[in-house]
1. Just one of [x] 29, 23, 20; [y] 36, 22, 17; [z] 32, 27, 17 is semi-axes √(5λ) of the Cα gyration tensor in Å calculated from these coordinates, so which is it?
2. Neighbour counts of other C-beta atoms within 10 Å: give me L96, L101 arranged from fewest to most.
3. Suppose we keep just the DSSP beta bridges with both residues in the chain; what percent of those would be antiparallel, to 5?
4. What order do you get for V50, V279 when you list them from fewest to most C-beta neighbours inside 10 Å?
5. Among E68, E125, E297, E44, what is the fewest-to-most ranking by other Cβ atoms within 10 Å?
6. About the Cα centre of the chain, how large is the charge dipole given +1 on each Lys and Arg Cβ and -1 on each Asp and Glu Cβ? Please answer in debye to the nearest 20.
7. Can you give the FRET efficiency to the nearest 0.05 for R57 and D111, using r as the Cβ-Cβ distance and R₀ = 25 Å?
8. So what's the net charge close to D118: Lys and Arg +1, Asp and Glu -1, counting the other residues with Cβ under 14 Å from its Cβ?
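Coordinate-derived values only; no laboratory data. Bear in mind that the values here come from a model prediction, so they are computed numbers and not experimental data. Reconstructed Cβ throughout: ideal geometry from the backbone, glycine too, with neighbour counts over all protein chains shown.
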Amino acid sequence: MTSSACRPEASGRLEPRRTADGSLTLWSERFSECFHSAAGARAEAAQKFVAPAGLDRFASGRRLRVLELCVGLGYNTAALLEAAEGQDLQLEWLGLELDPLPLQLALGDADFRSHWHDDTLQILEQLNQRGAWRSCRGSSGSWRLGDARRQLPLLPAEWIGRCDLVLHDAFSPGHCPELWSLEVLAALARLLQPEGRLLTYCSAAAVRHTLELAGLQLASIRAAGPAGPDLAEPDLAGPDLTGPDAGAGNWSLGTVASPMPLCGGPATIGLPAGSGPVVLQPLTAMEREHLLTRAAEPYRDPDGNATAAAIQAARVERQQQHPGESTSAWRRRWRLAGRG
């Protein structure tokens, strides 16, 4: 994950770290947070973004329009490219990113490079060096560097209502609320075509409630089978799904949102060897009730230039007037551990 709303001078030191599957991530001094879950950077890209995208929904030869918010080290981009190639799909890709340094660091790492095909690495090198790329199979893309809040209103008009996929992979709402505001999520929702999908690792009540306010239908991404707890790392701003609604292998890995109701079933496209499938499921009763608590109060940034501290402070004030119960009370009712 990386944030398009954070100034370069505030980013702080980036420290390389290894995740459980051996893949590279970076720890941000500014956010005191890694770009990926400890379970695995490569696994996260596959399970939380590419597999739930449902690439097998599209006919062979189709060209997909994709917006990626926060490119970071390039895992989501690379994983999507290779999965699309395997399905004979072309991409028209646009990335919004502030800092090209994470991608540069990833491309300089031998282990990162070992995960991807040569053609994929050439595309990432083009993006890093020229800010645009074109593949021999007809896919193309570019990125726009700068604050995503400035870039979203400047997207071409033909992107409105025409996006097949939106990948949202910013730092967590507690650390970078600028990119999880009602205004940003509503703008992303407007990009989706009727069967388009917005995908995110985030299961926070504020984010899910805001996506519903933007007119989208929700589904939870869950691991299928007994391997769920090893692969799921609950969002710090969302529910820790260890209660009666969340048995082994049924932890929420993230959220999919779409203008149309979402179908369930296993998703395997784009998963690396050895990874279990994921499924899209309706939100449980526990998750639905979470959206009625004070934790579901949206982040707001009407002018598109507020600081993280100002957004958080204003939300705390609104939460004090919220008619719902506290997250701690909700947790006690559902016998949940951790914080909300």
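1. Recomputing semi-axes √(5λ) of the Cα gyration tensor in Å here picks out [x].
2. Values: L96 24, L101 14.
By the 10 Å Cβ count, ascending, the order reads L101, L96.
3. If we restrict to bridges inside the chain, about 50 percent are antiparallel.
4. Lowest count first: V279, V50.
5. On the way: E68 24, E125 13, E297 21, E44 28.
In order of increasing Cβ crowding within 10 Å: E125, E297, E68, E44.
6. Approximately 540 debye in magnitude.
7. Computed FRET efficiency for R57 and D111: 0.20.
8. -2
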